[in-house]
Amino acid sequence: MPSIPATPPRLTGEALCAGYDARRVLDGVDLAVAEGKLTVLLGPNGSGKSTLLKTLARTLTPSAGRVCLDGQDIHRRNTREVARRLGILPQGPSAPEGLTVRQLVGMGRFPHQRLWRQDAAQDARAIREAMAYADVTDLADRDVDALSGGQRQRCWIAMVLAQETDLILLDEPTTFLDLKVQVDLLDLLSRLAHEHGRTLLLVLHDLNLAAAYADRLVMMRDGRIVTSGTPEAVFTADNLKRVFDLDAHVIRDPHGQALVCVPARSGRGPSATAPAHDARVAI
Amino acid sequence: MTHSASLNPPGDGAVESRRARDLGLAALLGLVLLASMGLSLTLGSFPTPFGEVLHALATPQDSDIAFIVRELRLPRIVLAVLVGAALAVAGAILQGIVRNPLASPDVIGITSGAALAAVAFLALFGTGLSIHWLPVSALLGALLSTLLVFLLAWQRGITPSRLVLVGIGLSAAMGAVTTLLIVISDDAAAMVAYVWLTGSLYAAQWQDVLGMLPWLLAAIPLCLTQARHMDAMALGDHVAQGLGVNVLRSRLVLMACSVALAGAAVAFAGGLSFVGLIAPHIAARLVGRGFARLMPAAALIGALIVLYADLLGRVAFLPKDLPAGIFVSGVGAPFFVYLLYRTRVVTRG
């Protein structure tokens, strides 16, 4: 591990191997999810980042190795008990027709409810807070399936928040959304980690957004973790080449601190095209 | 406390009024059902004024009217209600689990298995041997064929789409064998088999009611304990698991309830399973979301459908007593198409 987390990690994967049928997708992965931080899994398609997230979320059972939550094998624990500590939002969830936002968010209370024992006041408070935090209070009585993609995703996040778990795993929560909507969602998620001490693990596709928002990046290729650490340490041209086979320059956003990668177009680098362009403008 | 609490969080005025509305609707449906049962008791080849029906029910006596009301009509009416409710709940469960509005007890082989067993029973023993064993054999057929569908569809768990594909395939095969058996058996047995396949409550007796009742009493409370799990699974397996639902276990419990309900209903009344398709749809248009509300509403509507289908069969073409299945499909199918058409107009308009 490149850096030692301040508090011991509660969710860890040890020598994880997993896959679908005969195809092995994860090949001996060790990962400790840093407490109170926003960690992003990055990697090309088929690198196993979603599979790793699903295995950590107990959706997939590993063929070898184990996932520990608070020191116990997550696949042996009562699933409802796990759900009070760990919330997950799978990729592209779909709500049934006619379900209202309030009903969807209310489903987040499921692990806290029993047939014979329900704390209505506690549930109502958690739902209200979750909707307010995700900014969907005004949509409460609308049907989820009638909302825009960004609004819908905020509703799903509100559902996970109503679950009131310390750990939250999200699989590509920003895919297919407008850039502005992606930025708003990531702002929301990073506040969860930094202001509320939640531990977040995300799969993201966009390299620059990942570098801008992640406290830690985990870069994967071919079912293994290639490197992990702070964006400062691992978001380098060398690593992008190794992990994504991408020729790119990594520069610093002149108005902030974020690192930005600029893909180099094959055949001609940016330095080669820029003067020609300038020359044409001058004429 | 209600079971649907997780779908309908407390502390909201709109939700409270919605809940009151749904309760009122359930009460209304219950009253309509009771009134319909009363109406049905007065009608038949020997029309009986309501006063006489009450008198026959209230006081023990040996008269023709008492016999007609207590031993012919009442068990038949009660069985119609139980069968309709069972099929509707079975259908609501399957539509929820498979997440497909076209699912019905047919698709996982319940009806075809029961039909094959019943027809085989008739072909083997003719109409001579005690006909009381027919429901037993039909129920066994339903359970065995569903078990077979499950075993064939099992692949480290059950995925709904695979279950439906295997169910439809196996149903087609069993349907072929059923037809073959009817063709080669003698005319009398073939006629009984045919009426059974259409679905009929003809000559229902109290012992049929007693055979049907335990299945409902066992399955419906069990379904209600799983209502919230069902609502969570409607969000998809992965979300449900994330919320702490043991998806495989819940699905198996619900499936078992569905098979028990539909299997028993088909065993005692034959091929009426179309009720299992339409009743949940009608119910879903009347009540809000949430399985704990849908189930009772569907049960009441299913009961009403079978009750009126049987009433029509009894009195519309006197002196002929027609199988209820004709009216369930004959009236139900156009109504179903109309419902779908109307929803499309409403959602597009």
So for B:Ser171, B:Ser45, what's the accessible-area order with a 1.4 Å probe, most first?
B:Ser45, B:Ser171
Chain A: relative contact order in percent, alpha carbon pairs under 8 Å with at least 6 residues between
23 percent
Modelled label-to-label distance, A:Thr137 and A:Ala64, 7 Å Cα→beta-carbon offset: nm?
5.3 nm
All alpha-carbon distances of segment B:3-348, grouped into 10 Å bins from 0, give the whole-percent distribution 6, 24, 33, 24, 11, 3, 0
Lysine pairs in the protein assembly as shown with Cα atoms under 30 Å, if 8 or more residues apart or on separate chains:
9
How high is the FRET efficiency between B:Ala176 and B:Ile65 when r is their beta carbon distance and R₀ equals 60 Å, given to the nearest 0.05?
0.80
Just the ratio, please: alpha-carbon radius of gyration of segment A:70-129 over 2.2 N^0.38 Å, N its number of residues.
1.31
Amide H of B:Ile158: which non-local residues (sequence gap of 5 or more, or other chain) have their own amide H closer than 5 Å, using H built in the peptide plane?
none
Leaving out ligands, DNA and RNA, what percent of the accessible area of the protein assembly as shown is carbon and sulfur, probe 1.4 Å?
61 percent
Between A:His75 and B:Leu148, Cβ-based FRET efficiency (R0 35 Å, step 0.05) works out to 0.70
Probe radius 1.4 Å, ligands and nucleic acids left out: can you give me the accessible area buried at the B-A interface, summed over both chains, in Å² to the nearest hundred?
2800 Å²
Only Lys, Arg, Asp and Glu count, each charged at its Cβ (+1, +1, -1, -1), so figure out the dipole size of segment A:11-246 about its Cα centre, rounded to 20 debye.
620 debye
Taking amide H positions as placed in the peptide plane 1.01 Å from N, state which residues far from A:Thr227 in sequence (5 or more) or on other chains have amide H under 5 Å from it.
A:Met219
Taking all protein chains together and a probe of 1.4 Å, list A:Tyr213, B:Tyr338, A:Tyr20, B:Tyr202 from the most accessible to the least accessible.
B:Tyr202, B:Tyr338, A:Tyr20, A:Tyr213
Expressed per residue, the solvent accessible area of chain A in Å² (1.4 Å probe) is about 47 Å²
Dividing the Cα convex hull volume of segment A:134-213 by residue count, how many Å³ per residue is that?
95 Å³
Relative contact order %, chain B, counting alpha carbon pairs below 8 Å whose residues are six or more apart
29 percent
What ³J(HN,Hα) values, in whole Hz, does the Karplus curve 6.51 cos²θ - 1.76 cosθ + 1.60 give for segment B:216-226 when θ = phi - 60°, with x put for Gly and Pro?
5, 5, 7, 7, 5, x, 4, 4, 5, 5, 9
For a test of the definition: using alpha carbon positions, the gyration tensor, and the 1.5 limit on a/c, classify segment A:62-173 as rounded, prolate or oblate.
oblate
Percent of beta bridges antiparallel (DSSP, the protein assembly as shown, rounded to nearest 5):
60 percent
Dipole of segment B:3-348, positive end: most advanced residue of B:Trp196, B:Leu181, B:Ile305 [Cβ charges, Cα centre]
B:Ile305
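Taking 2.2 N^0.38 Å as the expected size of a compact globular protein, what ratio does the Cα radius of gyration of segment A:11-246 give against it, to two decimals?
Dividing the Cα Rg of segment A:11-246 by 2.2 N^0.38 Å gives 1.01.
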Square roots of five times the Cα gyration tensor eigenvalues for the protein assembly as shown, Å
59, 26, 22
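Run lengths n ≥ 4 of DSSP H only: what is the helix-derived mean residue ellipticity at 222 nm for the protein assembly as shown, with -39500 (n - 2.57) per run over all residues, to the nearest 500?
-18500 deg cm²/dmol
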What is the percent of Cα-Cα separations in segment B:48-134 that go past 23 Å?
53 percent
Under the Karplus relation 6.51 cos²θ - 1.76 cosθ + 1.60, θ = phi - 60°, what is the ordered set of whole-Hz ³J(HN,Hα) values for segment A:162-179, x standing for Gly and Pro?
5, 5, 6, 9, 6, 10, 9, 10, 10, 9, 6, x, 10, 5, 6, 10, 4, 4
Loop-located trypsin sites (Lys or Arg not before Pro) in segment A:63-155, at most 13 other Cβ atoms within 10 Å (DSSP):
A:Arg114, A:Arg117
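When ligands, DNA and RNA are left out and all protein chains stay put, how many square angstrom of accessible area per residue does chain B have with a 1.4 Å probe? Could you put the intermediate results ahead of the total?
Numbers: 15220 Å² over 349 residues.
Computed with neighbouring chains in place, this is 44 Å² per residue.
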With only Lys, Arg, Asp and Glu charged, each at its Cβ (+1 for the first two, -1 for the last two), find how big the charge dipole of the protein assembly as shown is about the Cα centre; round to the nearest 20 debye.
500 debye
Under a point-charge model restricted to the Cβ atoms of Lys and Arg (+1) and Asp and Glu (-1), what is the dipole moment magnitude of segment A:77-181 relative to its Cα centre, in debye to the nearest 20?
420 debye
Under-5 Å amide H pairs with A:Ala64, H placed in peptide plane, nonlocal only
A:Cys17
Accessible area of B:Val177 in the full protein assembly, 1.4 Å probe (Å², nearest 10):
70 Å²
Rounded if a/c under 1.5, otherwise prolate or oblate - segment B:70-110, Cα gyration tensor axes
prolate
For chain A, longest principal axis from Cα atoms; helix A:270-282 axis from its Cα atoms; angle between them, nearest 10 degrees, is 70 degrees
May I ask which residue of B:Pro60, B:Pro75, A:Val160 lies farthest towards the positive end of the charge dipole of the protein assembly as shown, with charges of +1 (Lys, Arg) and -1 (Asp, Glu) on Cβ and the Cα centre as origin?
A:Val160
Label point 7 Å out from B:Ala333 along Cα-to-Cβ: which residues of segment B:256-280 have amide N under 17 Å?
B:271-279
HN-Hα couplings for segment A:12-19 via Karplus (6.51, -1.76, 1.60; θ = phi - 60°), in whole Hz with x for Gly/Pro, come out as 9, x, 10, 6, 6, 10, 7, x
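For Cα pairs less than 8 Å apart in space and 6+ apart in sequence, what is the mean separation divided by the residue count of segment B:80-217, i.e. the relative contact order in percent?
31 percent
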Please list A:Lys49, A:Lys54 in order of solvent-accessible area, largest first, computed with a 1.4 Å probe with all protein chains present.
A:Lys54, A:Lys49
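The values are calculated or read from the model by the stated rules, or taken from the named source; none is laboratory data. Note that this is a predicted model, so its numbers are computed, not measured. Here the Cβ is made from the backbone with ideal geometry for all residues, glycine too, and neighbour counts use every protein chain on show. Heads up: the accessible areas ignore ligands, DNA and RNA and are worked out on the full protein's heavy atoms, side chains in. Shrake-Rupley method; radii C 1.70, N 1.55, O 1.52, S 1.80 Å.
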